[in-house]
Amino acid sequence: MSEHPTDGPSGTGGTGGTPTLFTGVQVFDGTGRDPFPAEVLVEGNRITAVAPSVPAARRSGARVVDGGGAATLIPGLVDSHTHLGFGSTTEHVSRRRDEPDEEKALLVAHAGRVLLDHGFTSAYSGGNRLPRTETAARKAFAEGWMPGPRFKAASWEGTAGMVEPGVYDFPGTDGRASDPRSVGRFVGEMADLGVDIVKLSLSGESAVVQGTSRIVQFTDEEVAAAAAVARERGVALTAHAHAAESIKMAVRHGIRAVYHCTFADEEALDLLQAARDRLFVAPTPGIIHANLHEAGSEPEPGMEVEATEKAVRQVVPELVRRGIRVVPGGDYGFPWNPVGRNARDLELFVDWFGFTPAETLRAATEHGGQVMGLGGELGLVREGYLADLVLVDGDPLDDIRILQDRDRLTAVMKDGKLHKAPA
């Protein structure tokens, strides 16, 4: 890899009106088709040319990043279920979940930078106990004065009975009165904070409270109330949904991102298929793998970790067969599943679900851009698209695992600016 002189230090290329030209690269454009040799010109924050050779008049004065013929240029990766506020990255481990607000804000900012370092130029939040730390980070990342991905900020995770954030007792709906008004009010309050996403834990989580993944946590009337307020306030709803009935509830009420989808039955699969043009499923293999192999102790039977792995490995290929968009995002942020390992989901998509590397990268790029609400301008290497790009030393279609090696990511560009440039 080589880099020609620039008008500023690493991390500032592409600013000040100076174009950037990627040359000597194979382009994986995000559609899933085979890579092809091309030059890619970036002007401002957009890709303005993808051609065998950019004309001399257009390349004049451009900063040149040369891949030497063996590098692959891909769209920036998108994580569709990440937790910047859980406190742990590959550089810092925090086993607390109750940090004071000021520390939580710093942890979110730190995790955003680590995520961007690893080639993830966009992230769709899976929830945060302190949502304002995410809205603040979203602003800082977007304005460019702190390094981090394009970011959709989320609420804390609403649970049965709407207990305080961070308290997960998962009691189910038995023995309590349905309270649609309170659930609708929760969505409105989260919208008032400026979040993009309001998350509801429609099922429990056996890895947190044993035996609760198959238990529905909200009544149908409560989810209907949440959906009505979400439409009125212009926020998206996301569902934590393992149980089959919770998945059906999510689809019936227009929730656009369904996390886990583990124990889907035939009726749930049919509903998902009918709604495939408007929703996404993130099955989160990363946290399942981590719970099995990296949690530091053997999972207890009631945690259902092995049952979850078996079920998700069966259901995801069926989702794909039905044309449902399945996207990476593995609940990264826990101490045993830290931010920075996010690309492991791509390996698991291949090993567990039977995706080809090209299909996996399409899910993480083109479909990821659609998750972010930017379909048509994010997630492809195409003229007119936002310039979120990653230059990889080697061919990830030959070995998807190289994307887990930060040193193999020789350039990372977000919004036309080089966060990382070749040495």
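Per-structure values
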{"item": "Leading residue by the ranking (nearest to residue 124 (Cα to Cα)) among those in the stretch 315-341 that are in a loop (DSSP other than H, G, I, E, B) and of a type in the set (Lys, Arg)", "result": "341"}
{"item": "Residue among 169, 179, 196 that alone is closer than 24 Å to residue 304 by Cα and either open to solvent by less than 60 Å² (accessible area, probe 1.4 Å) or not basic (Lys, Arg) (or both)", "result": "169"}
{"item": "Residue, modelled with the lowest pLDDT, within the stretch 169-194, restricted to residues that are of a type in the set (Gly, Ala, Ser) and not in a loop (DSSP other than H, G, I, E, B)", "result": "182"}
{"item": "Check on residue 262, of a type outside the set (A, V, I, L, M), open to solvent by less than 10 Å² (accessible area, probe 1.4 Å), touching a strand residue (DSSP E or B) at 6+ places or on another chain (Cβ under 6 Å) and at pLDDT 95 or above", "result": "no"}
{"item": "Exclusive hit being modelled with pLDDT of 95 or more, acidic (Asp, Glu), buried (at least 19 other Cβ atoms within 10 Å of the Cβ) and over 30 Å from residue 334 (Cβ atoms), set 66, 34, 79, 29", "result": "29"}
{"item": "Count of residues meeting criterion [surrounded by 22 or more Cβ atoms within 10 Å (Cβ to Cβ) and assigned to a helix (DSSP H, G or I)] in the stretch 230-243", "result": "1"}
{"item": "Residue check for residue 312: assigned to a loop (DSSP other than H, G, I, E, B) and either touching a residue at least 12 places away in the same chain (Cβ under 8 Å) or under 21 Å from residue 78 (Cα atoms) (or both)", "result": "no"}
{"item": "Leading residue by the ranking (farthest from residue 414 (Cα to Cα)) among those in the stretch 82-93 that are in a loop (DSSP other than H, G, I, E, B) and open to solvent by 10 Å² or more (accessible area, probe 1.4 Å)", "result": "93"}
{"item": "Candidates 327, 320, filtered to the one that is surrounded by fewer than 22 Cβ atoms within 10 Å (Cβ to Cβ), of a type outside the set (Asp, Glu) and touching a strand residue (DSSP E or B) at 6+ places or on another chain (Cβ under 9 Å)", "result": "320"}
{"item": "Inter-residue pairs, beta-carbon under 6 Å, first aliphatic (A, V, I, L, M) and in the stretch 132-156, second part of a helix (DSSP H, G or I) and open to solvent by 60 Å² or more (accessible area, probe 1.4 Å), 6+ apart", "result": "153/138"}
{"item": "Residue within the stretch 89-108 that is small (Gly, Ala, Ser), without any contact (Cβ under 8 Å) to a residue 40 or more places away in the chain and over 21 Å from residue 152 (Cβ atoms) present", "result": "no"}
{"item": "Filtered residue count, the stretch 244-259, keeping only those that are more than 17 Å from residue 127 (Cβ to Cβ), open to solvent by less than 20 Å² (accessible area, probe 1.4 Å) and within 22 Å of the chain's Cα centre (by Cα)", "result": "2"}
{"item": "Matching strands (runs of 3 or more DSSP E) fully within the stretch 114-161 where at least 1 residues are within 17 Å of residue 340 (Cα to Cα), open to solvent by 10 Å² or more (accessible area, probe 1.4 Å) and modelled with pLDDT of 95 or more", "result": "150-152"}
{"item": "Counted residues, the stretch 342-371 - those being surrounded by 21 or more Cβ atoms within 10 Å (Cβ to Cβ) and not in a helix (DSSP H, G or I)", "result": "4"}
{"item": "Within the stretch 385-421, tally of residues that are assigned to a loop (DSSP other than H, G, I, E, B), out of contact with any helix residue (DSSP H, G or I) (no Cβ under 7 Å at 6 or more places or on another chain) and either among the polar types (S, T, N, Q) or open to solvent by less than 10 Å² (accessible area, probe 1.4 Å) (or both)", "result": "3"}
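The values are calculated or read from the model by the stated rules, or taken from the named source; none is laboratory data. Here the structure is a predicted model, which means the values were calculated and not measured. FYI the Cβ positions are ideal-geometry reconstructions off the backbone, even for glycines, and counts take in every protein chain you see. SASA here: full protein model, heavy atoms, side chains in, ligands and nucleic acids out. Shrake-Rupley method; radii C 1.70, N 1.55, O 1.52, S 1.80 Å.
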